[in-house]
Amino acid sequence: MSVAVASFAVFAASQVGTPGPANMALMATGARFGLRAALPFVAGVALGKQLIIWPVGYGLMELAERAPLVFEALKWASAAYIVFLAWKVANLRLGEGGQASAPGFLAGLIVHPLNPKAWAMITGGFTAFVAPGTPTFEATATIAAVLLGLQILLHPLWTMGGSLVAQTLRGKPAERYLMWTLAALTVASVLFVLFGGGTT
């Protein structure tokens with residue numbers, strides 16, 4: 001087969017299901033607002049990766065090779081944005097309701113396009129699991145379908161996990177440490193990609 005679907009699915013599951021900026025954002029949102037209120041955000045995060053997959057599949061990486069400084073600047077700007085989101089997470093307190101409202105679909109939609117880990121994972125998927133000469137549409141549609149299916153399965157689990165943790169810690173001294181830990185993990189996952197060569 002032109003795309004090693006089974007191998008890619010294993011690789012992608014190990015990446016989508018492990019901690020990273022998107023999953024930390026999902027967990028923090030679930031902790032703050034609960035799973036039901038966070039569902040539009042979850043849907044946006046899942047679909048947002050498609051905004052990377054299709055341009056990459058149709059040659060955006062060729063542009064990256066022609067203008068590497070532009071993409072290097074984009075990578076650092078994206079990392080800075082995620083660190084800013086982590087700072088906001090660190091200062092949130094758990095609880096549903098109140099004046100604040102859960103981030104919506106559009107907020108979720110931009111998480112992966114601004115996530116350097118997502119770009120690295122998708123690029124690795126095309127380079128490692130797609131045979132040379134594979135039709136562009138076939139390769140891109142396969143990568144897109146596998147990732148979307150995994151995200152539909154795994155992203156709500158991260159969000160629900162945050163909600164369950166919140167039920168235990170809401171209003172307790174450990175609450176502050178939880179939010180700071182989520183923020184620190186988010187920053188650490190970005191730094192690992194920037195300086196450690198990660199592929200998620």
Cβ-based net charge around Ala43, under 14 Å, with every Lys or Arg adding one and every Asp or Glu removing one: +2
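When Trp158, Trp76 are ordered from fewest to most other Cβ atoms inside 10 Å of their Cβ, what list results?
So the residues, fewest neighbours to most, are Trp76, Trp158.
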- prompt: In what order do Ile53, Ile122 fall by count of nearby beta-carbon atoms within 10 Å, going from fewest to most?
  reply: Ile53, Ile122
task: Take Ala77, project a point 7 Å from its Cα along the Cβ direction, then tell me which residues of region 103-128 have their backbone nitrogen under 15 Å from it.
output: 113-116
- prompt: At Arg66 and Arg176, where each label point lies 7 Å from the Cα along Cα→Cβ, what is the point-to-point distance in nanometres?
  reply: 5.3 nm
field: Karplus (6.51, -1.76, 1.60) ³J(HN,Hα), θ = phi - 60°, over region 35-47, in Hz, Gly and Pro reported as x
entry: 4, 4, 5, 8, 4, x, 5, 4, 4, x, 4, 4, 6
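Read-outs throughout are calculated quantities, based only on the coordinates presented, and are distinct from any laboratory measurement. Predicted model, so just to flag it, every value in this text is computed and none were measured. Positions of Cβ are backbone-derived with ideal geometry, glycine not excepted, and every protein chain shown enters the neighbour counts.
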